[in-house]
Structures are given as C-alpha cells and as structure tokens.
Amino acid sequence: MSGNGITQILIYAIVLIAVAYPLGIYMARVFESRRVHVTEGWFYRLVRTSPEREQDWKGYAKSVLLFSLLASVVVYVIQRLQGHLFLNPDHLKAVPSHIALNTAASFVTNTNWQFYGGEYTMSYFSQMAALASQQYISAGVGIAVLAAVIRGFSRRSSSELGNFWVDLYRAIVYVLLPLSLILAVILVWQGVPQTFSGHATAKTLEGAAQTIARGPVALMIAIKQLGTNGGGFYNSNSAVPFENPNGLTNFLELISILLIPAAQVFMFGKMVLARRHAWMVFAAMFAVFALAIGVSLPAEQHGSQVLRASGVNITQGHGQSGGNMSDKEVRFGIANSALWATATTDASNGSVNAGHDALTAFGGGAALVNIFFGEVIFGGVGSGLYGMLFYILIAVFIAGLMVGRTPEYLGKKIGAREIKYAALGALFVPTMVLALTAISVVTKSGLASIYNPGAHGFTEALYAYTSQGNNNGSAFAGYGATSLSASLGTVAMYLGRFVPLIAALALGGALAGKKTAPPSAGTFRTDGGTFAVLLVGVILLTAGLMVFPALTLGPLVEGLAH
Amino acid sequence: MARRSSSIFSRDIVLAAIRDSFPKLDPRLQLKNPVMFIVELGSVITTGIFLLDLVRGNTAGLWFVGVIAIWLWLTTLFANFAEAIAEGRGKAQASALRATRTTTNATLRDGRSVPAAELQRGDVVVVKAGEIIPADGEIIEGVGSVDESAITGESAPVIRESGGDRSAVTGGTKLLSDQLVIEVTQEPGRSFLDRMIALVEGAERRKTPNEIALNILIAGLTITFVAAVATLRPFAIYAHTPVSLTVLIALLVALIPTTIGALLSAIGIAGMDRLVQRNVLAMSGRAVEASGDVDVLLLDKTGTITLGNRQAAEFLPVSGVEERELAEVAQLASLADETPEGRSIVVLAKERFGLRERELGEHEFVAFSATTRMSGVNMNGTLIRKGAGDALKRFIAEQGGAAPAELDRLVQGVAEQGGTPLVVARDNWALGVVHLKDIVKGGMNERFDELRRMGIRTVMITGDNRVTAAVIAQEAGVDDFLAEATPETKMALIKDEQAKGRMVAMTGDGTNDAPALAQADVGVAMNTGTSAAKEAGNMVDLDSNPTKLIEIVEVGKQLLITRGALTTFSIANDVAKYFAILPALFAFTYASAPGRHGPLEKLNIMQLGDPKSAILSAVIFNALIIPFLVPLALKGVKYRAIGATALLRRNLAIYGLGGMILPFVAIKLIDLVVHNLLGA
C-alpha cells in the first residue's frame, strides 16, 4: 500500500475527529435543551404534544412503530401512483408492487437497499417525496431513539425516556437539515445537478444521441451521505460523476458518511457525563475500522490471482494506483475506494464509489464482515451507537464477572433484564441473516437471484441479506430481485431495524429506573484502554464466530483458491 | 459439623458422584440447563442414527457415528458428574449434621416429657448437664457451658447465660454443666440445624441474580450457534459438499458453551460449600453473591477493631474534688456494672486507694441503655451516674446543675489521647472523668489495607464521641467512623449509603443490631449472638469472628470470577474448534479436480490427520475439558486484590488468550492419538 494512500487515510481520520467532536457536543445540547423555539412550538401544537409530556419506553416504541408504519404506507402508495402524479417529466410508470414494498421497507428502515435503478424507475416526485424525505425522516427516527436510549443511561429512578415527536423534530430540523443544506450547496458549487427539468440530450463524438439523466440530485446526495442512507439518485451511486464529480466532493462525501455516527459517540459521552469513556468507545470503533482497511487496502492493491495471471500491469506507478482497478473509478484509485468501501459498510450507509462485486475476495469479505458486525463500528445514524451499547453491555458483563463484582455500567448494575435485551439486540440480526441466506441458497426462486456461480454467488446472496438485515443497503451487485428475494429482503429490513430498536428502548427503560452507584477500586473502569481492547475482542469473537462458517464457503474459499 | 474433609476428591465422594451421574440423565432434570439439554438431545439423535444404520446394515462410517454418540453421552455424564461431586460434599456434611439431630425427649418445666421434634415456639424446657439441647431457644434462667462442636466444629465449650447477648442456644448442642431453663424460639422443622442441613445439601438452592443473567447470555449464544450450524447444512448443499447430521451435531456441541454450561451449577454449589468450610452459613446464594459487591463495611469498634475490654487507666477529678472521692463515687456507680469497663473501674479504685467492694444500703441500679448512654445507682436519695460526656451533661442539667467548663477540657484531653472519657456525677455535680483506654487489635491495619485494595471502605461504628473515635479510627486505619452511634444513627447511615447506590455489609450480635442487620445488604450475625440477630442477618458466622467478612467477600468474588473466567474460556475455545472442524467438513469443497483437496484445506493449520479424526478430536477435547476443569470450578479462581483493571487483564490473558491457544495444542495432541489408532 502506498504512502500516499496512508497519508490520505490519516488526513481523513484527523478531519473526521475535528468535525465530529464539536458536532457531538452540539447534538447533546440539542437533545438536552429545555428551551422550545417558536416554530418548534407550532409543530408540537400540530401533533398535540409538548416536551413536558414524556413517554416511557413502551410509549416511545409505540410512537416509533406507528409512525414508521404510516411512513411505509405513504412511500408505497407514492411509488404505485407515480404515473398519475406530477414531477414526472420522463413519464415513468408505477413501480411493480414487490419492488415498491421492498423499497418502502428499505427507505423507512434507513437501509436504502435498491432493487431498482433510480434514474429510470422513480419519478422526481417519488425520489423526493417518497425517498429523499424518508432519508431525512428515517435518519431522524434513528437519532431520536438513540437520544431516548441515552437518557435511560443517564437518568436515575425515572421511567420516562423523552418525547418521540420532540426528539424527531429536533433531529431533523436542528441536525440533519442544516448539515445537508451546507453539503448540498458545496456539491452544487462543485457541479452536482439540482434541477426539475427532465433528462438532457447530448450528441456524442460519434454523432449518436445520448440521454443524460439529471434531476434534484445534490440535496439527495447530501442527505444520503449524512443520514447513513446510501440510496443515491443514480443506480451507480457515487461512482457517477454527477453524484461525485471530483476529489473534493469525494472527500467531503466520505467525511459525511461517518460524521454523525462518530459525533453521536461524543454526544453520548457528554449526555452521560463520561467523556473519557466515549473516547474509548470511539477508539474501539476506530480500531476495527482501521483493521478492516488493513485487510481491504492491501487486498485491493495486491489484486486477485486472475488479475495477476491476466498479464495486466497492476504495479503502482506515478499517477497510477495499480492493483485491482476493476469496477473502480480512475479518479479515486485504490486507497479512496477501499476507504469508502470500509466507511460505507462500517457505517450503515451503503453508498458506493466503486463496485463491491468486483472487489477481491478478501476486500469484499472485509466489507461483508463490517456489515455483519451489526453496523456498530460507527454504524447507522442513531442505530450505530445503540447497537454498540448491546456489545458494550455484554463486554461489561463478562468483565464484571471476571473482576468479581456484579457488573456495572456507568454506575448502574447490569442484571438479567438488561442482559436479555442486550443479547436480543446483538444476536437477533446475525441469526436472522443466516436463516434468510440459507432459505435463499437452496430454494429455486432464491437461486434465481444469484448471478454468479459457486462461492462468489454465495457471497452475493450472503451479502444481500447481511446488508438488508443490518439496514446497510450497500449492494454487492450480482443479486437481482425476484418476488421471493424481494420479500425476504423486506422481512430482513423491517425485523433488522425494529427488533434491535425496540430492544434498545427496552434497555433504556430498564436502566432509567436504576440508581447510579459511584465507582470504587473494585469497579472495572470503562474509561481505560483495557475496556477498548475487551470491547473489540467481544465484537470480533461474538459476531466473528457467527459469520465464520458462512465466510469459509464464500470469500474465504474464493480467496484461498490459489 | 464434619469438619473440612481434607481433599476435594475423597474416594467415597468420587464414587458416589459417578453413581449419581446416571440418574441425572433424566431429560426433565436436564431441561433446567438448556445447553446440556441440547447435548443430551444430540446424544439421543446420534445414537438413533447409529442404531438405524446398524439395522439397515449401513456399515460405511458406522464406527464414526458410534464413537461420536459415545463421546456426546460422555459429555453429558461429565457435566452430571461435576454437579454430583459438588453436591456430594454437601451431602456428606448434611448426614453428619443429621446424626446430631436430637431424637430424644425433652422435659417441659411442668415435668411433662414430650418428643423434641414436637416442641412448639414458646414452650419452656429444662435441660440438665449431659443432655442434648432439644431445640433452638433463649435461656431464661441459669448459666451453663455448652459444647457446640456439632455446629461449629469447635471443641472448646462456650458459656451461655440468661440475659444479655449470650443467651441463645442451638438445638443439637450439648449442655456440659449446670442446668438451663430454655424458651423455645423456633417452630418444629425450622430449627437452625434443619436450615443448615438444607443449605449444605443445596436443597433450597435457587439461582442467584448474576447466575440468571449469565444463563440468559449463554442461552442467547446457544440459540445463535444453533442457527449458525443449522444454516451450514443448506450452505454446504449449495457448495455441493453436503454435511451429515452426525457431523453437524458434533459441530454444534463443540461450539455451544458446554464447558460453562456443564460447570455452572457446580460452581454455585461449591461457592456455598466454601463458605461452610469457613464456618459461615449463608441463608441464600444471593447473599453470597451480594458479599462480592460490598462497597462499605460497617464494623463495631468494640470487640472487632479493639480488644473488647476498655480498661480504666486513671481518675481525673475537676478542681475542688479529691481524686479519692472521684474514685469512690466511680466505684459506687460501677459496683453493679458487670461489663469489663465497669469491673476495671472497681479494680482501679481498689488498687489506687484500697477501696473495697462494699454492701450498699437501700439502692436501685440504673442499667446502661443505648439511648440514655449512662448507668449508675440511686441510693439514699442520691443519684450517681457515669457515662458519656454529653449524656451526663444533659443529666446534670436535668438535675438543675451545670457542668464546669473544666470538665469539657478533661473530656477532650482523654479523648485526644484516644481514650474514652467517662464522666462521673453525683446529683447535679460533676466530679470528674475516668480515663478508659482502648487497645486496638494487632494486624487490623493490614486487614483494612486489603479491604481498601478490594474497593471496600471500612466504617467504624462506636458509641464514643467524635474525638475519641477519630483517634482510634486513625490508629486502626479505617476509612471513616460513626461516632456517638445509636441504633437509629446506625440505621440512618446504612440507608444513606444504600441511597447512594452502595452495598453495605455489617456484622452484629446484639438484639439492638437486628434492625441494622436486616437492613444491610450483607448482615453477618455472630453465632454467639442473640437469636434475634441471627434471624435478622442473612449469614451466621459460627466462629463469631467479625473480620470473617473479608473471607466472605473473597468467596463472593471468587464465585463471579470463576463463572466469568469459564464463560470466556468456553467461548474462546470455539476459535480452535472452527479451525479443526470446518476444514475437515469442506476439505474437498470447490476442489480443482475430484479427489484433490480444495482451497479450505489451507485452514487446516493444525495439520490434523484426516477429517473424521479432526472432528472426533474436537468433540473429545470438548468432553474431556469438563472433568479437567472440575477442580477449578470447585476451588474457584483465586481472587487477588490488585485492582479491577489489573485483575481483568490477568484473567483475560489466562482464560481468554489461554482459552484460545490451549485447544489448538490439545486438539492436535488428541488427533495424534486418534489418527494413529485409526491408522492402525
């Protein structure tokens, strides 16, 4: 791997921390604030609530579920009726029902799995009203739930976690909207289209007419990156120059992927008054992130055996990144593609600037494992940290036993109830993903979705359900929609989103009522390096043991073949 | 009690445990432990496959299925053995205790004779020298020496007398001298001995909170492993290398945390047993676990931190009073005071001034009480009192007098030297101060240092004033003290610490300790104490040694550490098992030519002989590690007071890292044997 590549990655890390830290502190203020702005007041009157009317975890969960159900219906109906609606200059027809349902699930659950090509399937109205608006709303739901869960950790002897409508409003209006507007303006300045006109027609050098799809791209790209959504305007996502024109936009979009997921760690630290601990959580996340890059970057630089045997010159040279450039943008090269692939799979973003299907076996395997960890390495907006809290509780539980004290976390005793929710939250999705993949690789209509034969085809199927189950939405490609795979995917996305979400709220509810004990010399401290190492170990071991058998029959058998 | 069998594995206990392992195969019993239930289910299924193949004459690979079935059964039996051996030790102790349970008749006060087992609470019995005390009770008349070795294992007899804090007797102990009249305080079947038998037998064993939480985690992991293994079948079909059910079951059993699953109940039983070895009876496993969490330890100064007896050292009269006069009045106030302090005043007055004990005229004793905090005598219309400074000042004020300012100086002077000032007053006139000296027991400082390293704060409880308390607290090395303590302030202190989220432990023996013992998270009553104290606490120390709490805390911590360590070990083992079994399953998957090894053979980093021997070796390791770890489960992982983080690092290195490495070596060694046997 090149010095240039490492330098780029280091700069990325420094800039990320420099921006994410203050953002996290700001977000903590947003969710701790007791002041109600005038416009905020109007909204609360509209939905008949007020910040004083707090909900317990069940009430909060009920609001989230009801709201998400309603959102799903809206997204589904818009897609089905888009032919009769406005802002459809290219006269696109209704989206087929199994695709529409899968897409509704996909956008409401912050997954953004796309079983369709956006530019030739969705009208502008669908893109904006159904999809882009959900990119704000589903991300907002995630942040709101996280804020509620954190309150469970910081409060004592309370049963309330906050008010969902208040948290949702604040997440969208005070966090997501301003950030996405700033990014969108920069993107427009750098040449990303933002228009309501239909496609443009150009004459190519050979004299043929080429239609160039365009539309309200910039704003959608901004929120797609910031809200760990990943669903782009174009089928080829951020590999398309109109979504990602140059090095600067690539860097900014890359920062945006991890920005809020990293910031929410610092927000947590401030809200529970444990900033040193938050840094340790950040360190653990960063260590796994670095580990993944450490696998995928050399793998891509080294290239596959087929590539090396083909006689193509893959050595690195001046202005040439060398390595496996298959399905990669020459503009970005190996380092930026590996970095993006890692960031987008660690955070549950799923946007791509290179084709993951054409990654080397180990590079693709690393991306797969990143997602399989449950989107907790920074992870999804909101969901990343509450997912990480499951692992943290398991780590703290084991550590507590091993130092001979009833496990405590942030001064709260961890008992059977908390472990029940943590185990459910951490283990449900991997179990489900394996089950759905199993169904898909032995049923006839499941097999029809797989484009490639052998081990690579298996990886495609495993990746598809891992991505949907963990609400990442990144597509390995090579996996098509049949009515079976679309339905399995829908199930994966809904359960993958809401089972951990409810477990997290229940966990917050269980902890909110608990007293906080001051630490003693016998208490295992969670603000030191030992904790970070333990946490990494627990994640690698629990998720790793689940995925390893499947991994052997996919990326491993493929990568070891020569 | 059958005291401390010298070794964990006495021949009898091992043989009995092996016998007991078989009835425990009953699936209804196994169902309580989901991990081991799955293993047993796997044993049944593989045995079924073996029998079916046998009947069908399907001999290819038949031996392999048979051997796997045998080792799965052995895994279940090893787990049963671990539990049986832990229970066996308790059973041996219980039968020794049962032998002492009295079957004789008891004599009621009215002369009637009734079977001891039918005695009701409130019955009053008479016990003569040489008889077994028929039931738990309070002595209402008499003094006697009692042999309590049946309960405590201590052969030296102890004195039991009516009134005060030494009045409780336990059924099953033997009166050696004199005659006692005893009021029965327990219903039949609920005696101390009955409860003790139930405890050591483990009959009342309920899962503790941490055990329940750990069970949930283990069950969660098990379900996920079931999914990981079950889905491997379709995955393998896709890869055109189907995997047999036998092999999948073998893989499943190897992966689920059988080590901790098999040893979990043995660890819990052994923890209780370790306490019994130290002569502590815990009324519940929950209390033992809570003792590992103790943050604050309340210790009575007297008898625990200092030698029980404060000695009178000097008489300090206020000006205008002769020292002899003070000594005389102090002696009068103490004549009826049978406490060591009271006696020491009488003795000091005799030594200094030759004052003899004498007959008093018409008089009335005023006994010490925790609320008035003074004692004395009323004679011929004169009120004589001695007691704590503030209590006496209040008394003098009530009598219409005022204590001279000099008195405060004297009191302070004694207190500053760490002594206890005892103010002596006659009516409304303060005569002076008796200096009582406290002697701190040897080795206390080191003990408190050890507690501090464990993260436990010690608080000394004393009726002394603040200044006195501070001097002794510093000398003894405790972290804090509660001076001028009354039962109410003691209770308030406990509640206050608990409100801050801390776990409080205390020891006590008196009836006035009972409410605080009940309120504390861990209340250890001394066996010499009153039955009220023993009822209120959740542990009884048969040796009546207040510093025993340190050992109790260690046992509580060991219990958790052992569970945590073996859980980590169990999960860490899986890495090596994957590297043994997966390459064996898929050695030929996606091979470039039939009969040649496929790419996954490269994962066979242990270079195991052949697929069947590899799978078998992993299963054998998984089974053998259980009996191998039984001694550790029974003895417990050693607790070291080196700070939580250092302890965690150490245990992670041994059980985490070690748990990852050990099976690589062990499976390789087993494979060498198995593979050669197969080859031969």
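The table below lists the values:
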{"read-out": "Per residue accessible area of the protein assembly as shown, 1.4 Å probe, in Å²", "value": "37"}
{"read-out": "Signed unit charges on C-beta, dipole axis of the protein assembly as shown, positive-most listed residue B:A623, B:G171, A:F362", "value": "A:F362"}
{"read-out": "Virtual spin-label span in nm between B:E118 and B:D390, 7 Å along Cα→Cβ", "value": "5.6"}
{"read-out": "Lys, Arg +1 and Asp, Glu -1 on Cβ, resulting dipole of chain B about Cα centre, debye, nearest 20", "value": "3120"}
{"read-out": "Largest-first ordering by accessible area, 1.4 Å probe, given options B:D513, B:D479", "value": "B:D479, B:D513"}
{"read-out": "Two-decimal ratio, region B:602-648, of alpha-carbon radius of gyration to 2.2 N^0.38 Å", "value": "1.82"}
{"read-out": "Packing-based order for B:529-541, A:195-207, B:239-251, using average beta carbon neighbours within 10 Å, highest first", "value": "B:529-541, B:239-251, A:195-207"}
{"read-out": "Percent breakdown of C-alpha pair distances by 20 Å bin, ordered from the shortest bin, for the protein assembly as shown", "value": "10, 31, 29, 18, 9, 2, 0"}
{"read-out": "Farthest toward positive dipole pole in region A:3-561 [+1 Lys/Arg, -1 Asp/Glu at C-beta], among A:A550, A:L181, A:T195", "value": "A:L181"}
{"read-out": "Accessible area of region A:3-561 belonging to carbon and sulfur atoms, whole % at 1.4 Å probe", "value": "66"}
{"read-out": "Cα gyration tensor of chain A - equivalent ellipsoid semi-axes, whole Å, descending", "value": "35, 29, 23"}
{"read-out": "Share antiparallel - DSSP beta bridges, chain B, percent rounded to 5", "value": "75"}
{"read-out": "C-alpha center-to-center spacing [region A:400-475, region B:156-196] in angstrom", "value": "61"}
{"read-out": "Mean-position separation - Cα centroids, region B:574-646 and region A:138-217, in angstrom", "value": "48"}
{"read-out": "Protein accessible area in chain B, 1.4 Å probe - carbon and sulfur %", "value": "57"}
{"read-out": "Surface/4 estimate of mean projected area, convex hull on alpha-carbon atoms of chain B, nm²", "value": "37.6"}
{"read-out": "Full-extension gain in nm, A:V442 to A:S158, via 0.36 nm per residue minus C-alpha separation", "value": "97.3 nm"}
{"read-out": "Rounded Å value of the spacing that divides the Cα centres of region A:1-69 and region B:391-425", "value": "65"}
{"read-out": "Karplus-derived 3J(HN,Hα), 6.51/-1.76/1.60, for each residue of region A:516-524, Hz, glycine and proline x", "value": "9, 9, x, x, 10, 5, x, 7, 6"}
{"read-out": "Amide H contacts of B:D178 (H built 1.01 Å from N, under 5 Å, at least 5 apart or other chain)", "value": "B:A129"}
{"read-out": "Net charge over other residues, Cβ less than 12 angstrom from the Cβ of B:A213 (K, R count +1; D, E count -1)", "value": "+2"}
{"read-out": "Low-density loop positions, trypsin sites (Lys or Arg not before Pro), region A:456-526 - DSSP coil, at most 16 other Cβ in 10 Å", "value": "A:K515"}
{"read-out": "For residues of B:219-226, the mean tally of beta carbons on other chains within 10 Å", "value": "5"}
{"read-out": "For residues of A:534-545, the mean tally of beta carbons on other chains within 10 Å", "value": "3"}
{"read-out": "A versus B: buried accessible surface, summed, Å² (probe 1.4 Å, to nearest 100)", "value": "5000"}
{"read-out": "Entries in B:K301/B:K534; B:K32/B:K577; A:K62/A:K224; B:K24/B:K91 that, when Cα-Cα distance is taken, lie over 18 Å", "value": "B:K301/B:K534; B:K32/B:K577; A:K62/A:K224"}
{"read-out": "Approximate spin-label separation A:A309-B:R109, in nm, with each point projected 7 Å along Cα-to-Cβ", "value": "10.3"}
{"read-out": "Selection from B:I654, B:A60, A:Q82 lying farthest towards where the dipole of the protein assembly as shown points positive, charges on Cβ", "value": "A:Q82"}
{"read-out": "Global geometry of region A:466-562, whether rounded, prolate or oblate, following the gyration tensor of its Cα atoms and the 1.5 cut on a/c", "value": "oblate"}
{"read-out": "Acute angle (nearest 10 degrees) that the helix B:323-334 long axis makes with the longest principal axis of chain B, alpha-carbon atoms", "value": "60"}
{"read-out": "Shielding by partners, peptide B:286-296 (average Cβ within 10 angstrom, other chains)", "value": "3"}
{"read-out": "Threshold 10 Å² - residues in region A:417-434 whose accessible area is reduced by that much or more when the chain is no longer isolated, probe 1.4 Å", "value": "A:I419, A:K420, A:A423, A:L427, A:T431, A:L434"}
{"read-out": "Tail fraction, Cα-Cα pairs, region A:183-272, threshold 23 Å, whole percent", "value": "33"}
{"read-out": "Per-pair calculated FRET efficiency, R0 = 51 Å: A:K62 and B:I605 via Cβ, rounded to 0.05", "value": "0.50"}
{"read-out": "Solvent-accessible area of A:Y494 with every protein chain in place, 1.4 Å probe, in Å² to the nearest 10", "value": "60"}
{"read-out": "Scattering profile of region B:545-623 at q = 0.21, 0.26 Å⁻¹ [log10 I(q)/I(0), Debye over alpha-carbon scatterers]", "value": "-0.90, -1.12"}
{"read-out": "13 Å beta-carbon shell around B:K490, net charge (K/R +1, D/E -1)", "value": "-4"}
{"read-out": "Radius of gyration, Dmax [region B:291-356; alpha carbons; angstrom]", "value": "17.0, 57"}
{"read-out": "Charged-residue dipole, Cβ positions (Lys, Arg, Asp, Glu), the protein assembly as shown about Cα centre, Debye nearest 20", "value": "3020"}
{"read-out": "Charge dipole magnitude, Cβ of K and R +1, D and E -1 - region A:3-561, Cα centre, debye nearest 20", "value": "1700"}
{"read-out": "Two-decimal log10 I(q)/I(0) for region B:446-485, as the Debye equation yields it once each C-alpha is a single scatterer, q = 0.27, 0.30 Å⁻¹", "value": "-0.82, -0.92"}
{"read-out": "FRET efficiency, 1/(1 + (r/R0)^6) with R0 30 Å, evaluated for B:R352 and B:T382 via beta carbons", "value": "0.85"}
{"read-out": "Pairwise FRET efficiency - A:E32 versus A:T211, Cβ, R0 = 35 Å, nearest 0.05", "value": "0.10"}
{"read-out": "Pairwise label distance in nanometres, B:L29 with B:H597, each label 7 Å out on the Cα-Cβ vector", "value": "4.5"}
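The values are calculated or read from the model by the stated rules, or taken from the named source; none is laboratory data. Worth saying up front: this structure is predicted, and the values here are computed from it rather than measured. Cβ sites come from the backbone with ideal geometry, for glycine too, and all protein chains shown count toward neighbours. Heavy atoms of the whole protein, side chains included, go into the accessibility calculation; ligands, DNA and RNA do not. Shrake-Rupley method; radii C 1.70, N 1.55, O 1.52, S 1.80 Å.
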